[in-house]
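Since the structure comes first, as C-alpha cells, the remarks are kept for the end.
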C-alpha cells in the first residue's frame, strides 16, 4: 500500500516550466487511494482495541472506501456492512460482493448525505458494530499526512501546487497540511465533483453535510467541476498521456490545468502535483470511454452520468 | 438596467424562484447580488445567509470557484459571471 509513483506528464504540461505530475494512486492493492484510508482506519481501531476478531464493521461509502475495507476485512476476518447510494456503478457493487461485503442501499436523492444519515442511524441502533466513519476518523487524515504528503515531497521538493479531490477531505487535509508545513507558499487546491440534480435533492438545507475532518484553512482555493469537464479531461489524459483514469481524476485534472494556465499568465514556474484517484475499470459501464475518436460527443457520453454518483 | 449575472438555483430553493433553474441578478459584490435576489424573490436571502454570513450548509460558486476562498460575501462579481448555489453534500 502507498509508495505510488509520481510521474511527469510532458505532453499534457502546458509549458516546459509549468509542469504536471500525476500521483498514481490506482497502483494500490484494490486500485484506489482509499486503500490508504481503509488500512489506516482498521489498523488504528485494532490498536485501540475497538476491533476484535469476528467483529462487524459499518461504513457509509460511495464505493472505493468500501472496496478497500472489504478486501482488508476479508483477509483479517471481519464482516463488513456498507451503506451505499443506489445510484453508483454496478462494478462497485460487484467488487464489494466479491470481497464478501453486505450492501445496504440508500436512496439516490441526497447522494452520500443520505448514506451517511442511514449509517449513523444504524450505528446508533447497533452499538456492537464498529463504525469507522471515514468523514470524521483522524486516521484517514493521518494516512495522508504520513504517506501521500511525504511521498510527493520526497519525489518533487519543488512542488508549487497540490491538487486533489474533495470528498471526505482526508487527502487534502492530511497531505495538504504536510506540504504546507514544508512550504508555506504552496497552493492547496480542492476539486469537488458537481453532480446532477438528484444528488443535491435534499429535503431541506439542514440536511447538508460538511465532513468533521474538514478545515477550510488548509485550502487555498476550491473548485466545483461538472461531469462534462471531468469527462473531457479523462479523455484528454487517455489520449495525450495514455493514462486510463476514473472520472473523479478528470475533475482534479481540470483544476490542475486551470492552475497551469494561471501560472503561465503570471509568468511563473510551476510544479503541479495532482492525484489520480483510481483507474477507469469501475466506470466502463457508464460508457464515457467509448468511441474516443469520433461519434460519441462528450455531451452524449455524460448524459448517463446525470443521476449517478460518478466520483 | 442590465442584469447580466446568471444565478443557478438548486431544487431546494426553487419554490422561491417559481421553479426557475436559472435567474438573472445584478450587483458588484456577492452580497449585492444576494440582496437583489431577495428583492426579486423575497425570502431567498434568508435561506442563504444567517447572521450576515453564508450558511454553513450552503456553497456558493462564482464561475465554478468557491466564494469562501474569493473574499466571501465581499467577493467582486461582474456582468457575464455565473453564480451557482448548491447545498453541501458528502463525497467519498
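The values are calculated or read from the model by the stated rules, or taken from the named source; none is laboratory data. Small disclaimer: the values here were computed from a predicted structure and weren't measured. Neighbour counts are summed over all protein chains in view; Cβ atoms, including those assigned to glycine, are modelled from backbone coordinates with ideal geometry.
A count restricted to the range B:28-46 and to residues that are buried (at least 18 other Cβ atoms within 10 Å of the Cβ) and in contact with a helix residue (DSSP H, G or I) (Cβ under 9 Å, 6 or more places away or on another chain) stands at 7. Counting the residues of the range A:15-43 that are in contact with a strand residue (DSSP E or B) (Cβ under 7 Å, 6 or more places away or on another chain) and either within 14 Å of chain B (Cβ to nearest Cβ) or closer than 24 Å to residue A:279 by Cα (or both) gives 11. Helices (runs of 4 or more DSSP H) fully within the range A:160-279 that include at least 3 residues being over 23 Å from residue A:134 (Cβ atoms): A:227-241, A:247-265. Scanning the range A:198-220 for residues that are loosely packed, with under 14 Cβ neighbours inside 10 Å and facing chain B (nearest Cβ under 10 Å) turns up A:203, A:204, A:206, A:216. Looking only at the range B:1-34, residues that are more than 13 Å from the chain's Cα centre (by Cα), within 20 Å of residue A:203 (Cα to Cα) and away from chain A (no Cβ under 13 Å) come to 2 in all.
Restricting the range A:179-196 to residues that are over 17 Å from the mean Cα position of the chain (by Cα) and surrounded by 21 or more Cβ atoms within 10 Å (Cβ to Cβ) leaves a set whose member that is nearest to the other protein chains (Cβ to nearest Cβ) is A:187. Of the residues A:226, A:260, A:242, the single one that is closer than 17 Å to residue A:190 by Cβ, more than 14 Å from every other protein chain (Cβ to nearest Cβ) and out of contact with any helix residue (DSSP H, G or I) (no Cβ under 6 Å at 6 or more places or on another chain) is A:260. Taken together, the residues in the range B:10-24 that are in contact (Cβ under 8 Å) with a residue 40 or more places away in the chain and outside any helix (DSSP H, G or I) amount to 1. State whether one or more residues within the range A:287-296 are assigned to a helix (DSSP H, G or I), modelled with pLDDT under 95 and surrounded by fewer than 17 Cβ atoms within 10 Å (Cβ to Cβ). No, the range A:287-296 contains no residue that is assigned to a helix (DSSP H, G or I), modelled with pLDDT under 95 and surrounded by fewer than 17 Cβ atoms within 10 Å (Cβ to Cβ). Does the range A:128-138 contain any residue that is touching a helix residue (DSSP H, G or I) at 6+ places or on another chain (Cβ under 7 Å) and under 23 Å from residue A:260 (Cα atoms)? Checked against the condition, which is being touching a helix residue (DSSP H, G or I) at 6+ places or on another chain (Cβ under 7 Å) and under 23 Å from residue A:260 (Cα atoms), the range A:128-138 yields no hits at all.
Restricting the first member to the range A:40-63 and to residues that are in the same structural domain as residue A:110 (by TED's automatic domain parsing) and more than 24 Å from residue A:117 (Cα to Cα), and the second to residues that are surrounded by 15 or more Cβ atoms within 10 Å (Cβ to Cβ) and at pLDDT below 95, no beta-carbon pair is closer than 9 Å while six or more apart or on different chains.
Out of A:62, A:68, A:89, I need the residue that is touching a helix residue (DSSP H, G or I) at 6+ places or on another chain (Cβ under 7 Å), buried (at least 16 other Cβ atoms within 10 Å of the Cβ) and at pLDDT 95 or above. Which one? Going through A:62, A:68, A:89 in turn, the sole match is A:68. Considering only the range A:160-167, I want to know if a residue exists there that is touching a helix residue (DSSP H, G or I) at 6+ places or on another chain (Cβ under 9 Å) and assigned by TED's automatic domain parsing to the domain that holds residue A:62. No, the range A:160-167 contains no residue that is touching a helix residue (DSSP H, G or I) at 6+ places or on another chain (Cβ under 9 Å) and assigned by TED's automatic domain parsing to the domain that holds residue A:62. When the residues of the range A:72-120 are filtered to those that are under 14 Å from residue A:61 (Cα atoms) and part of a loop (DSSP other than H, G, I, E, B), which remaining residue is nearest to the other protein chains (Cβ to nearest Cβ)? Within the range A:72-120, the match that is nearest to the other protein chains (Cβ to nearest Cβ) is A:110. Can you name the residue in the range A:44-62 that is assigned to a loop (DSSP other than H, G, I, E, B) and touching a strand residue (DSSP E or B) at 6+ places or on another chain (Cβ under 7 Å) and, of all such residues, is farthest from residue A:79 (Cα to Cα)? Step by step, filter the range A:44-62, then rank; the result is A:62. Among the conditions (1) over 16 Å from the mean Cα position of the chain (by Cα); (2) in a helix (DSSP H, G or I), the only one that residue A:143 does not satisfy is (1). The number of residues in the range B:35-92 being within 11 Å of chain A (Cβ to nearest Cβ), in a loop (DSSP other than H, G, I, E, B) and on the phi < 0 side of the Ramachandran plot comes to 8.
Restricting A:230, A:248 to those that are within 16 Å of the chain's Cα centre (by Cα), touching a residue at least 60 places away in the same chain (Cβ under 8 Å), crowded, with 21+ Cβ neighbours inside 10 Å and farther than 22 Å from residue B:67 by Cβ reduces the list to A:248. Scan the range B:78-92 for residues that are farther than 23 Å from residue A:311 by Cα and more than 11 Å from the chain's Cα centre (by Cα) and the total you get is 4.
Residue A:185 satisfies every condition listed in (1) out of contact with any helix residue (DSSP H, G or I) (no Cβ under 6 Å at 6 or more places or on another chain); (2) at pLDDT below 95 except (2).
If you go through the range B:49-65 and keep only what is surrounded by fewer than 21 Cβ atoms within 10 Å (Cβ to Cβ) and closer than 24 Å to residue A:198 by Cα, you end up with B:49, B:54, B:55, B:56, B:57, B:58, B:62, B:63, B:64, B:65.
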